[in-house]
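Notes follow once the structure below has been shown.
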Amino acid sequence: MFDFLSLKKTLANFAGELGGLRSQIEILQRQREDIVNAPATREDVKAMVEKWAAGKSAEYVKQLQFNMQEFVTKPEHLLNAQTIENRMTLFGKSRQLGDLGMFPGPELDDRAICCLMGPALITSLHAAIDAMENWPKGSIPMSGRAKKISDLDNKIDELSQKESVLVSAAKDAGVRVG
């Protein structure tokens with residue numbers, strides 16, 4: 001006589017193993033999404049502000065050096081009021097200067113402020129970030145996110161391959177798996 005009890009146990013074990021794999025995959029996918037969507041830390045926002053300000057400052061210094069080069073290469077312009085007016089600007093001009101300079105206008109304000117106010121600006125921005133109320137809980141540092149996500153992706157891939165092997169073996173045996 002055919003042993004249906006043994007078949008039932010085997011199918012139950014298979015279903016349990018497949019269900020367990022799928023549950024693990026789902027848990028890992030949720031963990032991955034939690035990391036991807038977690039809010040930034042205050043420190044990460046502060047670091048971004050510092051990097052942004054340093055970049056703007058460097059742009060400003062280049063533009064200022066370009067404008068001052070005129071006085072180095074053409075010393076007679078040190079006495080020319082119009083050239084001085086066109087070249088010596090800290091915040092740019094709202095009009096285009098054409099060949100007279102690189103200062104295009106109001107967007108230069110951020111660059112000039114970042115350069116001229118440097119450390120004081122960063123201190124103020126950090127204080128504003130620290131004063132932000134209702135910072136979301138569960139923030140995760142950006143520095144560790146990529147590794148955590150990569151590790152989770154590797155685990156998910158490993159479990160998905162095992163799931164695929166089980167489903168394929170069941171299909172080969174004529175068992176339909178949903």
Quick calc, the chain, dipole around Cα centre from Cβ unit charges on Lys, Arg (+) and Asp, Glu (-), nearest 20 debye, gives 380 debye
For region 114-178, give the percent of accessible area contributed by carbon and sulfur heavy atoms, probe 1.4 Å, rounded to a whole number. 58 percent
Whole-Å distance, taken between Cα centres, linking region 154-178 and region 1-59: 19 Å
Taking the structure as given and computing Cα Rg over 2.2 N^0.38 Å, which label from (i) 2.00; (ii) 1.07; (iii) 1.42 fits? (i)
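With every protein chain present, what is the per residue accessible area of the chain (1.4 Å probe, Å²)? Mind dumping the intermediate values first?
On the way: 12290 Å² over 178 residues.
Averaged over the residues of the chain, the accessible area is 69 Å².
Provide the net charge surrounding Met142, with neighbours chosen by a C-beta distance below 10 Å and charges set as Lys +1, Arg +1, Asp -1, Glu -1.
Details: positive: Arg145; negative: Glu43, Asp44.
Within the 10 Å Cβ shell, the charges total -1.
The values are calculated or read from the model by the stated rules, or taken from the named source; none is laboratory data. Note that the structure is predicted; figures quoted are calculated from it, not measured. Using ideal geometry, Cβ is built from the backbone for each residue, glycine included, and neighbour counts are taken over all protein chains shown. Side chains included, ligands, DNA and RNA excluded: accessible areas come from the protein's heavy atoms. Shrake-Rupley method; radii C 1.70, N 1.55, O 1.52, S 1.80 Å.
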